[in-house]
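The values are calculated or read from the model by the stated rules, or taken from the named source; none is laboratory data. The model shown is predicted, which means the values in this text are computed figures rather than measured ones. Methodologically, a virtual Cβ is constructed for each residue, glycine included, from the backbone with ideal geometry; neighbour enumeration extends over all protein chains shown.
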């Protein structure tokens with residue numbers, strides 16, 4: 001009789017432990033999901049702001065470029081006509097990826113898949129932003145250096161062109177680092193958190 005009682009107690013203990021472990025795993029998963037959704041919401045908010053800001057700057061700058069060209073301001077007009085449509089295109093590019101994030105969240109896939117996909121989307125957004133910053137920044141550097149050197153007496157046309165080319169070659173290296181740091185400041189900490197949450201989910205799956 002005592003043996004049967006001990007056996008019953010042992011089985012009840014095992015069952016209780018199993019339920020407790022399951023609740024614990026569910027609690028961890030729920031907490032990870034809440035943290036991830038908070039991070040994703042912050043990414044969406046910042047991305048939405050960038051969409052509006054860059055689209056408006058691009059549209060306004062394109063109109064300004066056309067106005068300058070009509071007034072025979074060729075140097076600034078041509079540069080602006082290259083640069084600001086790129087800003088507009090970047091805003092549209094970000095809007096496309098912003099909608100992808102929203103649609104993907106609404107589709108309600110697994111949390112792991114959602115995080116992985118959003119990290120992939122944001123890496124594309126960041127790469128496009130850095131590329132645009134390097135190209136537009138280099139064009140502006142070339143334009144303003146040319147305008148400045150033109151006012152310096154004693155420099156031949158060849159010397160001016162050589163210095164503009166040198167500046168145009170150095171600028172992308174500097175601009176790349178600046179743009180990369182800017183994007184890290186804007187989105188880096190959020191992507192880092194998502195990667196940590198992804199690692200937590202992988203660890204939970206391994207322990208199951």
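Below is a table of values for the structure above.
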{"quantity": "Index of the failed condition, residue 124 passing every other in (1) at pLDDT 90 or above; (2) under 18 Å from residue 48 (Cβ atoms); (3) crowded, with 18+ Cβ neighbours inside 10 Å", "calculated": "(3)"}
{"quantity": "Residue check, residue 79 surrounded by 15 or more Cβ atoms within 10 Å (Cβ to Cβ), modelled with pLDDT under 90 and either under 17 Å from the mean Cα position of the chain (by Cα) or closer than 23 Å to residue 66 by Cβ (or both)", "calculated": "yes"}
{"quantity": "Flag if residue 158 is surrounded by 16 or more Cβ atoms within 10 Å (Cβ to Cβ) and part of a helix (DSSP H, G or I)", "calculated": "no"}
{"quantity": "Residue list for region 82-92, restricted to those being surrounded by fewer than 18 Cβ atoms within 10 Å (Cβ to Cβ) and within 15 Å of the chain's Cα centre (by Cα)", "calculated": "92"}
